[in-house]
Amino acid sequence: MHFKLIVALIEEGKTEPILEAAREAGATGSTVINQARGEGVEKSKTFFGLNLETQRNMILLLVEEHLSRHILERINQVGEFEEKPGSGIAFQIDVEDAVGVSHQIEQLTSVLEDEL
């Protein structure tokens, strides 16, 4: 079984809706890293020398490759990345190998047999 890593950098308030959408689309688990920072095309605004930045979260999803595009599209839809500039980004990376995922493989095998 081959996996992809989906990385989503999102507004803090969208974390739960995106996690729910990813799970409904086939993700079997996630890791959330809180309070990430980042910059887009536009620099962050400042007020008296203080940066006015919204907190971001990073969501990591190790997903089966056949489900990855569908999950990525659902994350995009719920996060409104294309509609609202600065609301977040998501991308996927090929994973060469993974350990500690045998329980997920068992669960995904039946799902993939139904879909393929």
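Some notes on this structure:
- Burial ordering of SER68, SER30, fewest other beta-carbon atoms within 10 Å first: SER30, SER68
- With neighbour counts taken as other beta-carbon atoms within 10 Å, the residues HIS103, HIS70 rank, fewest first, as HIS103, HIS70.
Each value in this text was obtained by applying a stated rule to the coordinates, not by laboratory testing. Only a predicted model underlies this, so the values are computations on that prediction, with no experimental measurement involved. When we count neighbours, we look across all protein chains shown, and the Cβ atoms used for this are built from the backbone with ideal geometry, even at glycine.
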